[in-house]
Each structure stands twice: as structure tokens, then as C-alpha cells.
């Protein structure tokens with residue numbers, strides 16, 4: 001039944017007619033039934049069991065398009081008690097947790113339990129710190145505050161009887177007031193609430209860091225007459241208030257409720273004190289868990305992705321129209337990463353920068369600007385861009401002059417490269433300055449895949465070494481400039497799953513065609529991808545990248561290999577050409593490691609060992625570029641050591657070069673914000 005309701009969530013809202021007589025009549029019946037259910041004398045009390053997870057996650061990177069990174073996991077078991085007309089008690093009898101990164105996060109009490117009475121007349125969240133005083137649309141007086149529209153109807157066959165469920169969309173009469181926006185799914189016959197999926201208006205959020213809150217409450221039919229909690233999900237997303245930084249904190253809760261026993265005579269005295277209370281620590285620690293926490297998270301990761309609350313936000317957005325529901329601020333100082341504030345390289349020297357963003361109140365238009373200045377080359381760079389939503393996608397236009405690296409994929413965290421370049425003379429980039437304009441349309445294609453089409457007009461200029469490091473000496477920067485180009489590109493991309501998955505796959509493929517001033521043209525296909533899969537209690541990660549280009553491929557679009565990020569056992573960017581292929585396979589094992597205290601938080605008591613093999617080759621040297629083709633495949637064998645899923649130390653030995661190289665870095669998940 002929940003699967004069929006999910007189809008209703010995804011259905012079009014284009015035909016909705018607000019406050020039609022049948023919609024208002026259905027809302028009145030639901031309000032009356034909800035009040036009557038609370039006074040049902042046949043249900044005196046019940047006991048039940050709650051099984052839940054609370055995850056704390058972090059999302060990083062420009063556009064926040066990548067899946068969030070798991071930081072902390074809590075698994076809880078609850079004893080649930082209810083007594084008419086609405087007394088609720090929840091007792092935490094099992095609780096275990098695991099941290100992937102040091103954190104001392106403390107959850108609000110109501111994040112650790114379920115919603116037993118459908119929020120009652122007034123919705124409150126985060127013990128009143130996050131949301132408080134929001135009227136329920138199916139409470140008495142709801143039609144004075146909310147508009148209603150009927151949606152699709154479906155029929156569900158249950159063992160007891162056939163049930164017809166209708167969608168009732170809800171929006172506030174005043175979107176500037178603290179209200180909810182969402183959809184109630186009602187039993188057509190009884191007007192009982194089967195499912196409620198919603199977000200809040202921006203005015204409902206009391207905490208200025210709140211971006212949005214998405215909630216789904218699913219009920220199930222018991223004894224043929226009582227719709228009671230069965231499954232619940234909540235996602236709370238936060239952003240920093242002082243900077244438009246591409247980082248988001250997420251609390252995600254997921255609960256299943258079962259084991260109902262009715263009218264057992266639960267004494268009223270049990271309901272004194274706070275609604276949610278923990279059992280003594282000794283009792284919680286002795287709870288008989290079935291399996292490890294790691295295996296429980298792995299089993300849950302699939303259903304969490306399938307029931308992603310992003311589709312709830314999309315449905316809510318269709319109901320609210322173009323009115324922004326986010327509680328987050330509309331503009332201010334903006335940075336994409338730490339390197340936007342300051343970075344360093346050998347062609348520009350030390351480069352400070354700043355940016356800003358402005359968003360319209362309706363959430364439709366976003367304008368961004370950023371600028372930077374290189375103290376060594378004495379040049380000002382920057383960009384202006386505008387973004388507007390188009391259906392489910394986004395249309396962008398930009399003008400820019402920026403310094404770029406020749407590689408499609410970064411090979412080091414940008415912040416670490418700045419330190420390495422400035423202090424030691426090791427700059428892991430080969431640069432050119434590109435100036436021009438770009439128009440792009442990005443659009444989700446389903447199944448986690450998104451597409452983008454862009455057209456750009458670019459001038460490409462060579463750069464020379466201008467700076468001096470504190471120690472050592474810089475290598476020359478290759479000449480990569482040339483005639484102006486008109487470029488058309490089509491990209492397909494599938495993001496990683498995130499959330500501690502046992503299996504994962506992601507890819508990015510770009511087809512690019514360009515025409516130089518003077519008439520020569522080229523075509524280039526490039527991409528990368530990776531697959532993660534289990535091998536017993538361990539994991540195997542396989543990563544590939546490469547591509548091929550036609551004869552007139554410009555030098556700045558060459559493929560390059562060698563050194564950190566590709567073949568660590570080779571000299572840095574020793575090889576290149578119009579064709580390239582690289583395969584990297586590593587075996588990832590968790591091994592015990594001392595846990596370290598950071599205040600109230602502790603690091604996990606394990607590290608990841610990752611022995612690996614990487615094989616790569618290039619062919620067809622690009623005219624005017626300094627990189628020769630490899631004399632056959634080049635192989636590196638090595639081992640990586642990861643701590644906290646953040647820091648990686650790696651050693652690689654080149655089988656053909658007979659060189660051993662080492663590298664320290666931050667794991668790739670965090671490169672986009674550094």
C-alpha cells in the first residue's frame with residue numbers, strides 16, 4: 001500500500017482546483033473523523049514497539065548535488081504506550097550509536113521518538129526550538145487557515161476490506177504565516193488519515209539555521225477500524241547563517257512501529273513526566289540486538305534511498321507554486337569553498353577572493369558574483385552568473401574569466417595544493433586562463449541520472465610562472481593557449497548513493513564538440529566512473545577514467561596521467577595525449593585502531609586499509625603539448641590508509657618506473673569544499 005501511495009506522491013498536481021465543494025466537504029469529514037477518533041471509547045489504550053534510526057549527515061560541494069556523507073548513526077528501540085484520549089509515553093529500551101567523524105551533536109528529545117497523536121491540534125518540533133504553534137490543517141478551524149484540493153484516488157485491496165484512498169492537498173491561505181504545505185491521504189469511506197506528507201512555510205521555522213523540514217507519517221489499519229502509526233520519516237536540513245557556504249547538516253529519522261496490543265489496562269500513572277524517557281543505561285546496553293549496527297545500516301540504506309524525502313519536497317513545491325518555502329536567508333556573502341577565500345599557485349601567486357549571492361523572494365531567480373586577485377600576475381578574475389528553475393531543471397547563464405587546470409578530474413584537495421605550492425614549490429596543476437560566456441540547461445532524467453547541455457564561447461590564454469615558493473623551485477607551466485573556441489557539450493551524470501552503502505555506482509560522461517576561430521573542429525569524449533561492491537565483510541572499489549579526442553584536439557583539452565591522483569608511482573603528469581585510460585582497483589578493509597577523544601566526542605576505533613593496483617596509458621600526443629604517450633601500460637601498486645574517512649596517506653610503487661612515491665591528502669568527498 002505504501003508503494004502505491006508513493007506513486008500518488010509523484011503524480012502531477014497541475015489539475016488541482018482549490019476549495020472546490022468536494023474538497024471542502026472531504027476536509028470537513030476528515031476534521032470531524034479525527035476529532036471522533038480521539039474520543040473512540042472502544043480503544044482505551046495500547047502498547048507497541050518502535051524500531052528506529054537517527055542519522056546525522058553532512059552534504060558538501062557547490063550546488064550540494066552530491067549525496068550526504070554519514071557522520072553519526074543512532075539505532076533505538078522503544079516501548080510505546082498510549083491512553084485515551086491522547087496520553088503518550090515512549091521509553092527508550094535499546095540505544096547504540098557509531099560515529100564516522102568526531103561530533104558532539106545532541107538531539108532534541110522528540111527526535112528520538114515517534115509522533116503518536118498525529119501532532120494533535122498544534123504542530124511542535126524540536127521541543128519547540130525548531131517549530132512551534134503551527135495549526136494542523138485537519139484540526140478544528142483548519143478551513144479558516146488552509147486551502148484544500150482533491151487529487152488522485154486509488155483502490156487498495158487489504159485482507160479485511162477494499163479501501164479507496166484519495167489525496168487531499170493542503171496549502172495555507174497566507175503563505176507568509178507559520179503553516180504547513182503538503183498532502184493528506186484519506187480513506188474515502190471513513191475520512192481517516194492514512195498518510196500525511198508535508199513541509200513547513202518559511203515563517204514556521206524558529207531556528208534561523210533551518211533550511212527546511214520534511215515529514216511523512218504513514219498509518220496502518222488495525223482491528224479493521226483504527227488507523228495507527230506504522231512508518232514515519234523526518235528530515236531536518238540546516239545551513240550556516242553567516243555565509244552562503246555549500247555545506248548542509250542533515251538529521252534524518254526513520255521509524256517502523258509494530259507489535260500492537262490493545263486495551264491491556266495501561267495505568268494512567270505511567271504517563272506522568274516527559275513523554276520520551278530513556279531506560280537505565282544498564283538496561284539499554286543489555287538490549288538483545290539482532291546483528292551488528294553496521295549490518296543494520298547497510299540493510300536500511302536501500303529503503304532510505306527509495307523513500308527519499310526529496311520527492312516529498314518536489315510535491316510540496318508543486319503545491320506552493322513558485323513561493324519559496326525554505327527558511328534559509330535569501331542572500332549575502334557567498335563562497336563555494338575555502339579556496340575561494342584564498343588559494344595559491346605558481347602562475348598567480350597568492351589569490352584572495354570573495355563572492356556574493358542574491359535570491360528572489362519567490363525562489364525563482366538566483367544571481368551570483370565572485371572576484372579574485374592574483375598578487376603575482378596582478379590580474380583580476382571573476383564571474384557573474386544567473387540561475388532560474390525551468391520545470392524540474394535549471395537554466396544558467398554566466399560570464400567569467402578564470403584560471404583552470406588541464407585535467408578533467410582534480411588530483412589533490414585544493415587547499416592542500418595551495419600549501420604545497422606556496423611552501424614547498426610542488427604545484428599539482430597545469431594552468432590556462434579561460435574567458436567567455438556559457439549558457440547551460442541541467443535536468444534530472446530519473447534513476448539518479450541527470451543531464452546537462454551547454455554552449456560556450458571561450459578565449460584560452462597561456463600562462464607563465466609568476467610566483468616564487470618559500471622553498472624549492474617551480475616547474476614550468478606548459479603553453480596551453482590558442483584561438484578562441486565555440487564549444488557545445490552534453491553531459492550525463494549519476495551521483496554516488498552516499499549513506500554507508502554496501503554497493504554503489506556513479507559516473508560522469510561528457511561529449512564535447514568545438515570549433516576554433518579559423519575553422520578547425522574537434523570532438524572529445526571523456527568521463528569517469530566508480531563501482532563499490534561487497535566482498536565478504538570487506539569492500540572492493542573500482543574506479544576508471546579516460547577518453548579520446550580527434551586530431552585537432554586543443555592542447556588544453558588533452559588527457560594527462562602520472563603522479564598523485566592517477567598513477568602515484570610515476571612522475572607527476574609525465575604522460576598525456578588525445579587518448580587515455582586509467583583503472584584503479586582497491587580492496588578496503590576495516591581494522592582496529594585506537595579511539596581518540598575530542599572533548600565529548602570520540603573517533604571511531606578503526607581505520608581503513610586499502611591495498612590497490614592502478615594501470616594507465618595514453619596515446620596519440622597532442623600537437624603543441626609537452627606530454628608524450630606512454631610506451632605501453634604503466635602500473636602502480638600501493639596501499640592507502642584512511643582515518644575518519646577524511647584523511648588518506650598513500651604509498652605507490654611504479655612497476656615500470658621503479659619509483660616509490662608517497663602522498664598525504666583529504667579523501668575525495670571533501671575536495672569540493674576545500
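The values are calculated or read from the model by the stated rules, or taken from the named source; none is laboratory data. Keep in mind that this is a model prediction, so the values were computed, not measured. In this analysis, Cβ positions are derived from the backbone assuming ideal geometry, glycine residues included, and neighbour counts consider all displayed protein chains.
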Test for residue 415: is it at pLDDT below 95, within 21 Å of residue 336 (Cα to Cα) and crowded, with 18+ Cβ neighbours inside 10 Å | yes
Residues in segment 168-183 that are out of contact with any helix residue (DSSP H, G or I) (no Cβ under 7 Å at 6 or more places or on another chain) and within 22 Å of residue 116 (Cα to Cα) total 2
What residue, of 617, 629, 625, is in contact (Cβ under 8 Å) with a residue 40 or more places away in the chain and assigned to a strand (DSSP E or B)?
-> 617
Name the residues in segment 243-269 that are over 41 Å from the mean Cα position of the chain (by Cα) and more than 12 Å from residue 46 (Cβ to Cβ), would you?
-> 267, 268, 269
Which one is nearest to residue 138 (Cα to Cα), of the residues in segment 32-60 that are modelled with pLDDT under 85 and out of contact with any strand residue (DSSP E or B) (no Cβ under 8 Å at 6 or more places or on another chain)?
-> 35
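Kindly provide the set of residues from segment 128-147 that are surrounded by 15 or more Cβ atoms within 10 Å (Cβ to Cβ) and not in a loop (DSSP other than H, G, I, E, B), ordered by number.
The answer is 131, 132, 134, 135, 142, 143, 145, 146, 147.
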When you scan segment 345-378, how many residues do you find that are more than 19 Å from residue 421 (Cα to Cα) and part of a strand (DSSP E or B)?
-> 12
Check on residue 91, modelled with pLDDT of 90 or more and under 24 Å from residue 184 (Cα atoms) | no
Of the candidates 435, 360, the one satisfying the condition of being more than 29 Å from residue 529 (Cβ to Cβ) and modelled with pLDDT of 95 or more is 435
Wholly enclosed helices (runs of 4 or more DSSP H) of segment 271-339 bearing at least 2 residues out of contact with any strand residue (DSSP E or B) (no Cβ under 7 Å at 6 or more places or on another chain) and either under 30 Å from residue 538 (Cβ atoms) or modelled with pLDDT under 75 (or both) = 293-306, 310-320
Just checking, which of 97, 104, 110 is under 25 Å from the mean Cα position of the chain (by Cα), within 18 Å of residue 52 (Cα to Cα) and surrounded by fewer than 15 Cβ atoms within 10 Å (Cβ to Cβ)?
-> 97
